[in-house]
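Step one of this worksheet: look at the structure below.
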Amino acid sequence: MEIQKKDLRYTWNLEDIYPDVSAWQQELEKLKEIGEQLAKKRGKVCENASQLEETLSLQSCFSQLLSRLFVYAHCRYDAHMSQPEGKKLYETISGVYSALGEKLAFLTPELMKLTMERFAAYCEELPALKVYEQYMEDLLSRKPHILPPEMEELMVRMEDMQSAYNKIYNDLIVNDTPAQELTNSQGEKIPVKDAYYASAMSDPDRSFRKDFFEKLLGGVYGGYIHTLASNYYAQVKADVYLAKSRNYSSARAKAMEEDFIPQNVYDALLENVRANVKPLQDYIGLRNRLLGISQSHMYDLFVPIVPDVDRKYSYEEACKLMLESTAILGEDYTEVVKQAIQERWSDVYPDKDKVSGAYSTGVYGVHPYMLLNHGDALDDVFTLVHEMGHSMHTWYSQKHQPYIYSDYSLFCAEVASTTNEMLLYRYMLEHAQSKEERILLLSKHLDDIRSTFYRQTMFADFEDRTHRLVEQGEPLLPDTLCQIHREINEQYYGPGFQADTNISYEWARIPHFYRAFYVYQYATGISAAVAISRRIQKEGKPAVEGYKAFLSAGSSKHPIELLKLAGVDMASPEPVKDTAVEFAETLAQLEALL
């Protein structure tokens, strides 16, 4: 049954950003004015301490206003994609950013003329510059990848064009694809759309799951596979072009070096996960026996293996569990979580023209926002807790850091969200009321590690292979992409899993592929989260304080150093290996109860 959002309590309050569109438009004009002021700094950026401080201050203000305008427009658009006003705002700010970006492309090359010695001298003359020290160190380390001003202008245009591929994907799948309806085991009409995928895949009726999966994967994604393959191929070519243009050895090197992550972290992840797929394959075999099937299809991997345990969790119940499970992090933490619930930081329920999935985004000086598609399943509780983890990371960083360091790297982005999930799992397992509930939670934990550790590594494997092919001059044809994805599923899941034709289309429904080399960080994130959650439970307050130091640090240090604040060394292979051990140990606990 499609949920229509009528109760404002379950919609996000964007008026906290701007009271109305008129205020948004006024701030847009202010952004343009600051952009023009910055443009007048051309040729003067580094001539003295005062000019440098004025430029960096204007640049920070420009970036902050731009982010605020983008978040408001993006949220309006995502909640009602068929309504023209939100899309118009989003296209407007995108166009303004592109135009101003070309004008301001000189900034980075001019800043590159500085040395740290000269910057230090300027700081002595004007102490207000000291706040930019880490920023300048990071910026100057990228000198080999910064181009002359006229080339930077071209790169801005290229990067703006690249964003179109994700828009094309969303417009095709969300706006231009007619939704069929299927009747589930409860007699409800369910639209065959990604927003309902999780709840459909947990339905006890296998024939319904199969029908939904085949119509979504085969009918929608398979039906548009040539268009989607061409769109993704264009995205990967753009990734490769941008990396080569900036003198990186590969698209992967660009993505990782920009975040100061050693490339061996990626290679070690693939190597160690591939070496530890046997416990995953053993779990698939166990599920098959319990479900009474010879082989699993993808539509079998989310259904509970405990009969008659099909609890529904209202949004209010999910919020209560979230507060209870994160109480270990202290009253200051849970008070902000309560504020998020009461003050409408979230858009909660699915709607006919709302984007699928879930995310958290932040507005410096306001608060984070979360997009959800709550469907009352256990997975939806974990999704809520996951996105709140992102939001709390944003809240702590923005509270304790100046704007310039208030964001955090992609590598750190999935740590807080997944740590929250780990705390929820351990809390629910500890308070389980029956053997069946414990079995369900252990199975859920295995599935979460499967989907966040093993499965996201599979996607990382896919991305690595596809980008390497393009870098070698090979085209990405539909059959090539589908074959790669099917082979990876066969290699990881093993003989107990049927990698059928429909699973070969699955790569096409992964929106994160339009953000190159993002997905591997889910796997490294859960590895860090396993270590952090264990440390919190074992050590208590000292571990909590270390974790909050990490949450509060934003981007004031490089990612590897930031995670050391929370007691985790991601430069070593141990967190990844320990996550594989956690999976094997959880599987042993589950088998002991069955």
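The values are calculated or read from the model by the stated rules, or taken from the named source; none is laboratory data. It should be emphasised that the depicted structure is a prediction, and the values quoted were computed from it without experimental measurement. With ideal geometry, Cβ positions are generated from the backbone for all residues, glycine too; neighbour counts draw on all protein chains shown.
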| message | One residue is enough: does region 444-455 have a residue meeting the conditions among the aliphatic types (A, V, I, L, M) and under 30 Å from Ala588 (Cα atoms)? | response | yes
| said: Which pairs turn up if I take residues in region 239-268 that are under 14 Å from Glu159 (Cβ atoms) and look for partners that are assigned to a loop (DSSP other than H, G, I, E, B) and of a type in the set (Ser, Thr, Tyr) with beta carbon separation below 7 Å, at least 6 apart in sequence or on another chain? | reply: Ala243/Ser250; Lys254/Tyr248
| message | Looking at region 74-88 only, could you name the residues that are buried (at least 18 other Cβ atoms within 10 Å of the Cβ) and assigned to a helix (DSSP H, G or I)? | response | His74, Cys75, Arg76, Tyr77, Asp78, Ala79, Gly86, Lys87
| field | Hits in region 319-339 - residues which are of a type in the set (Gly, Ala, Ser) and either buried (at least 22 other Cβ atoms within 10 Å of the Cβ) or in contact with a His (Cβ under 7 Å, 6 or more places away or on another chain) (or both) | value | Ser325
| remark: Going through region 569-586 in order, the residues found to be within 17 Å of Gly525 (Cα to Cα) and in contact (Cβ under 8 Å) with a residue 60 or more places away in the chain are Met570, Ala571, Pro573, Val576, Lys577, Thr579, Ala580, Glu582, Phe583
| Matching helices (runs of 4 or more DSSP H) fully within region 156-213 where at least 1 residues are touching a residue at least 12 places away in the same chain (Cβ under 8 Å), small (Gly, Ala, Ser) and out of contact with any helix residue (DSSP H, G or I) (no Cβ under 7 Å at 6 or more places or on another chain) | 197-201
| message | Looking at Val71, Val45, can you tell me which residue is among the hydrophobic types (A, V, I, L, M, F, W, C), modelled with pLDDT of 95 or more and either at positive phi or not in a helix (DSSP H, G or I) (or both)? | response | Val45
| note | Of those in region 92-118 that are without any contact (Cβ under 8 Å) to a residue 40 or more places away in the chain and in contact with a helix residue (DSSP H, G or I) (Cβ under 8 Å, 6 or more places away or on another chain), the residue surrounded by the most Cβ atoms within 10 Å (Cβ to Cβ) is Met112
| query | How many residues does region 539-574 contain that are in a helix (DSSP H, G or I) and buried (at least 21 other Cβ atoms within 10 Å of the Cβ)? | reply | 6
| Looking at (1) in a helix (DSSP H, G or I); (2) within 30 Å of the chain's Cα centre (by Cα); (3) closer than 24 Å to Thr361 by Cβ, which is the one condition that is false for Ile34? | (2)
| message | Looking only at region 359-375, filter to residues that are part of a loop (DSSP other than H, G, I, E, B) and in contact with a strand residue (DSSP E or B) (Cβ under 6 Å, 6 or more places away or on another chain); which one of those is surrounded by the fewest Cβ atoms within 10 Å (Cβ to Cβ)? | response | Pro368
| note | Checked region 163-219 for anything farther than 21 Å from Arg515 by Cβ and buried (at least 21 other Cβ atoms within 10 Å of the Cβ); matches are Ile190, Val192, Lys193, Tyr196, Ser199, Ala200, Asp203, Arg209, Phe212, Phe213, Leu216, Leu217
| Where a residue in region 17-32 is over 13 Å from Ser67 (Cβ atoms) and among the acidic types (Asp, Glu) and its partner, wherever it lies, is in a loop (DSSP other than H, G, I, E, B) and at pLDDT 95 or above, with Cβ under 7 Å and at least six apart | none
| field | Every residue from region 338-377 that is touching a helix residue (DSSP H, G or I) at 6+ places or on another chain (Cβ under 6 Å) and over 21 Å from Asp407 (Cβ atoms) | value | Ile341, Asp347, Val348, Tyr349, Pro350, Lys354, Val355, Ser356, Asn373, His374, Gly375, Ala377
| task | Only residues that are of a type in the set (Asp, Glu), more than 17 Å from Arg287 (Cβ to Cβ) and surrounded by fewer than 18 Cβ atoms within 10 Å (Cβ to Cβ): list them for region 428-463, please. | result | Glu430, Glu437
| query | Is there a residue in region 220-227 that is under 30 Å from Glu152 (Cα atoms), surrounded by 18 or more Cβ atoms within 10 Å (Cβ to Cβ) and in contact (Cβ under 8 Å) with a residue 24 or more places away in the chain? | reply | no
| request: Would you please name the residue that is surrounded by the most Cβ atoms within 10 Å (Cβ to Cβ), looking only at residues in region 575-594 that are within 14 Å of Arg535 (Cβ to Cβ) and more than 21 Å from the chain's Cα centre (by Cα)? | output: Glu582
| said: Please go through (1) in contact with a Phe, Trp or Tyr (Cβ under 7 Å, 6 or more places away or on another chain); (2) closer than 30 Å to Ile261 by Cβ; (3) buried (at least 20 other Cβ atoms within 10 Å of the Cβ); (4) modelled with pLDDT of 95 or more for Tyr493 and return the number of the only condition it doesn't satisfy. | reply: (1)
| query | Of the numbered conditions (1) among the aliphatic types (A, V, I, L, M); (2) farther than 24 Å from Ser406 by Cα; (3) touching a residue at least 12 places away in the same chain (Cβ under 8 Å), Leu38 satisfies every one except a single condition; which is it? | reply | (2)
| Checking Ala531 against (1) assigned to a helix (DSSP H, G or I); (2) surrounded by 18 or more Cβ atoms within 10 Å (Cβ to Cβ); (3) touching a Leu at 6+ places or on another chain (Cβ under 6 Å); (4) of a type in the set (A, V, I, L, M, F, W, C), the condition it does not meet | (3)
| query | Any idea which residue in region 397-453 is farthest from the chain's Cα centre (by Cα), counting only those that are aromatic (Phe, Trp, Tyr) and closer than 20 Å to Asp259 by Cα? | reply | Tyr403
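This table checks each residue for (1) aliphatic (A, V, I, L, M); (2) closer than 16 Å to Asp160 by Cα.
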residue	(1), (2)
Arg209	no, no
Phe213	no, no
Leu216	yes, no
His226	no, no
Asn231	no, yes
Asp239	no, yes
Ala243	yes, yes
| task | Return the pairs, sorted by first residue and then second, in which the second residue is of a type in the set (Phe, Trp, Tyr) and part of a helix (DSSP H, G or I), the first residue lies in region 402-416 and is touching a residue at least 60 places away in the same chain (Cβ under 8 Å) and buried (at least 22 other Cβ atoms within 10 Å of the Cβ), the beta carbons are less than 7 Å apart, and the residues are 6+ apart or on different chains. | result | Glu414/Tyr522
